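Remarks on the structure that follows.
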């Protein structure tokens, strides 16, 4: 069978397939002049069909093995998939492939081959052997095969390190649960070991970062006078018996003391506020971000927003920074380790640490690495990924799931004019909330899905301010709405750790 691709050239087809690959094919339509429309793997093509006995039948499935000639791609018929029982179908199809590729014909190999065929993945000898080696001791074959599928789809190596990172993503415990458990363990450890002390500091910096550090930097930027006015306005909204005039010395001391714990304790005592320092900073942070007269302190650095700062603190650029050091031929080791991932790696590799601590640190490292791999894309012009990011909340960590679909430009950057973003949050008062943002030509539609509370009055009140701030960023707000029910399919897509690619180049027939 000689491929004559519809709407794309033979040269493009040659790059899309490799010799000796076996794919499941289905004849969708028989055309005149010995041609047929065939769905081969995940693609639909038009093929010239040579004489085959018995002839190909429309609606039937077959196994084809690819042959690559100098200037064309051909496929030879391996077998027709039988329409008997499922058990016989699996056995016969897998047998045909293992025989054609000269693979070991045992139960595990047949299951791997059948999984590849069922998900329209090309089957080749070397990848199947790699997968068999990875899964030889598998305790959960179905989950591990999904990790393999995810790696193949992203065109990532089928190596042990990549496989462990992909498998870690589908683990039962989310990363924030593992981090919260690790925090409790290291706090109880009576150890002066530098690796443990650095890990403790990194964990505290990660948890305390958003409200406290962002507020401190923001107050410093706007100056003492404006900071004092803003803080006084906030305190005047809180419950308490103190008058604002009585607060001026305490406010001034707090601003001058750069948010020192002692100055904050005096301030909270003056206000008779029964809040922890963390709660105070979180509440004040919320007040500042909602204040219409003050620029929002979302930026933690020059041109860098809080979300990307959190990713860096987590260690998403860990390997990149190590590479920079190697290029600079520097012996300084603190730079790449000054991330949560770096300190976790140091603990996991230290044989003097308790085994349980090393194992937990290693599992979290694999989770972070898996999240980094989410950003990899086989298609250079399309981005699609789902991230489950731990974020600080009430001196602990909670989870925020972020899903994004976007086009890429020729330099690989995300296209802000055409993208879909979804956020899954578990909030204290609103409970489970799914927020979707659709951007098309800088026009933004935002929908909040929540079945616990009617937030439409709040959306209506905040829409003018949101529209104004989006306009300052070059966007136009088309709509801001609430849906009373949560889309379970979209929720699954956002929270699914191993996102399977759903986009593909359309071929019109």
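Computed packing ranks the peptides 223-235, 34-46, 359-371 as 359-371, 34-46, 223-235, most packed first, by mean other Cβ atoms within 10 Å. In this simple spin-label approximation, residue 253 and residue 226 carry label points 7 Å from Cα along the Cα→Cβ vector, and these lie 2.7 nm apart.
Where does each of 155-165, 409-419, 311-321 land if you order them by average Cβ count within 10 Å, highest first?
Numbers: 155-165: 15.5, 409-419: 11.9, 311-321: 18.6.
Packing order, densest peptide first, comes out as 311-321, 155-165, 409-419.
With the cut-off at 1.5 for a/c, could you classify segment 377-509 from its C-alpha gyration tensor as rounded, prolate or oblate?
Working: a/c = 1.74, a/b = 1.28, b/c = 1.36.
It is oblate, given that a/c is not under 1.5 and a/b is not larger than b/c.
Available extension along the chain between residue 379 and residue 442 is 20.3 nm, counting 0.36 nm per residue and deducting the alpha carbon span.
Based on the mean of other beta carbon atoms within 10 Å per residue, what is the order of 420-431, 117-128, most packed first?
On the way: 420-431: 15.0, 117-128: 18.0.
Taking the mean over residues of other Cβ atoms within 10 Å, the ranking is 117-128, 420-431.
Which stretch or stretches of segment 163-187 have amide N atoms under 20 Å from the point lying 7 Å from residue 322's Cα along the Cα→Cβ direction? Those under the cut-off are 163-169.
Fully extended, how many nm does the chain gain between residue 181 and residue 355 (0.36 nm per residue separation, minus their Cα-Cα distance)?
Details: separation 174, 0.36 × 174 = 62.64 nm, distance 1.48 nm.
Using 0.36 nm per residue and subtracting the Cα-Cα distance, I get 61.2 nm.
Shape verdict for segment 86-169, please, from the Cα gyration tensor: rounded (a/c under 1.5), prolate (a/b greater than b/c) or oblate. Here segment 86-169 falls in the prolate category. In a fully extended conformation the segment linking residue 453 and residue 106 would gain 119.4 nm over its present Cα-Cα distance, using 0.36 nm per residue. With each label modelled as a point 7 angstrom along the Cα→C-beta vector, the residue 120-residue 409 pair spans 3.2 nm. Using the basic label-point model (7 angstrom from Cα toward the beta carbon), what is the residue 307 to residue 473 distance in nanometres? Distance between label points: 0.8 nm.
Quick note: the coordinates plus some simple rules give every number you see, no bench work behind them. Here the structure is a predicted model, which is why all the values come from computation and not from measurement. In this analysis, Cβ positions are derived from the backbone assuming ideal geometry, glycine residues included, and neighbour counts consider all displayed protein chains.
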